[in-house]
1. Would the range 3-12 turn up any residue that is modelled with pLDDT of 95 or more, farther than 13 Å from TRP112 by Cβ, open to solvent by less than 30 Å² (accessible area, probe 1.4 Å) and of a type outside the set (Phe, Trp, Tyr)?
2. Can you tell me which residue is surrounded by the most Cβ atoms within 10 Å (Cβ to Cβ) among those in the range 68-122 that are aromatic (Phe, Trp, Tyr) and either at pLDDT 95 or above or assigned to a strand (DSSP E or B) (or both)?
3. Output the qualifying pairs, or none if there are none: Cβ atoms under 9 angstrom, residues six or more apart or on different chains, first residue in the range 36-63 and part of a strand (DSSP E or B), second residue open to solvent by 80 Å² or more (accessible area, probe 1.4 Å) and aliphatic (A, V, I, L, M).
4. Any residue that is under 10 Å from the mean Cα position of the chain (by Cα) and of a type in the set (Ser, Thr, Tyr) - is there at least one of those in the range 7-14?
5. Restricting to the range 24-56, name every residue that is of a type outside the set (Asp, Glu) and open to solvent by 60 Å² or more (accessible area, probe 1.4 Å).
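The values are calculated or read from the model by the stated rules, or taken from the named source; none is laboratory data. What you are looking at is a predicted structure, and each value in this text was computed from that prediction instead of being measured. Positions of Cβ are generated from backbone atoms using ideal geometry, with glycine treated the same way; all protein chains shown enter the neighbour counts. For the accessible areas, the whole protein counts, side chains as well, though only heavy atoms, and no ligand, DNA or RNA atoms are used. Shrake-Rupley method; radii C 1.70, N 1.55, O 1.52, S 1.80 Å.
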Amino acid sequence: QVQLVESGGGLVQAGGSLRLSCAASGRASSLYPMAWFRQAPGKEREFVAAITWNGRNTYYADSVKGRFTISKDNARDPVYLQMNSLKPEDTAVYYCNAGGSYSSTITVGKYWGQGTQVTVSS
């Protein structure tokens, strides 16, 4: 059984920060790698960031690298997305995803959360 629940979204001004959380339940082998995706209105879903079980390998989309940081809590197994220097183009629904592959190409995992809305105003 796998369940993913996102939280932490909201409305912020450009240049501000938000920290998203993904609370995960299920077997670790089914959950990792875990990732964040986002989808803006009228746009296709796009990859944002991913992290491996031990946290030593992370992957980022070029559009967020240097601004966003993905991390995990080894004790509690949540996954976080720290978003700094937010831009209006970051506005989207952000989804947690589990079980994908990101070593060379992006392969979306089977499991998804319900999404959390992030809105960045100018």
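1. There is at least one residue in the range 3-12 that is modelled with pLDDT of 95 or more, farther than 13 Å from TRP112 by Cβ, open to solvent by less than 30 Å² (accessible area, probe 1.4 Å) and of a type outside the set (Phe, Trp, Tyr).
2. Residues of the range 68-122 that are aromatic (Phe, Trp, Tyr), as a first pass: 68, 80, 94-95, 102, 111-112.
Checking the rest, the ones that are also either at pLDDT 95 or above or assigned to a strand (DSSP E or B) (or both) come to 68, 80, 94-95, 111-112.
Working: PHE68: 21, TYR80: 17, TYR94: 23, TYR95: 21, TYR111: 18, TRP112: 17.
For the range 68-122, the residue satisfying everything is TYR94.
3. PHE47/ILE106; ALA50/ILE106; TYR59/ILE106
4. Pass one, the range 7-14, residues under 10 Å from the mean Cα position of the chain (by Cα): none.
No: the range 7-14 contains no residue that is under 10 Å from the mean Cα position of the chain (by Cα) and of a type in the set (Ser, Thr, Tyr).
5. Step one: of the range 24-56, the residues of a type outside the set (Asp, Glu) are 24-43, 45, 47-56.
Answer for the range 24-56, where residues must be of a type outside the set (Asp, Glu) and open to solvent by 60 Å² or more (accessible area, probe 1.4 Å): ARG27, SER29, GLN39, PRO41, GLY42, LYS43, ARG45, TRP53, ASN54, ARG56.
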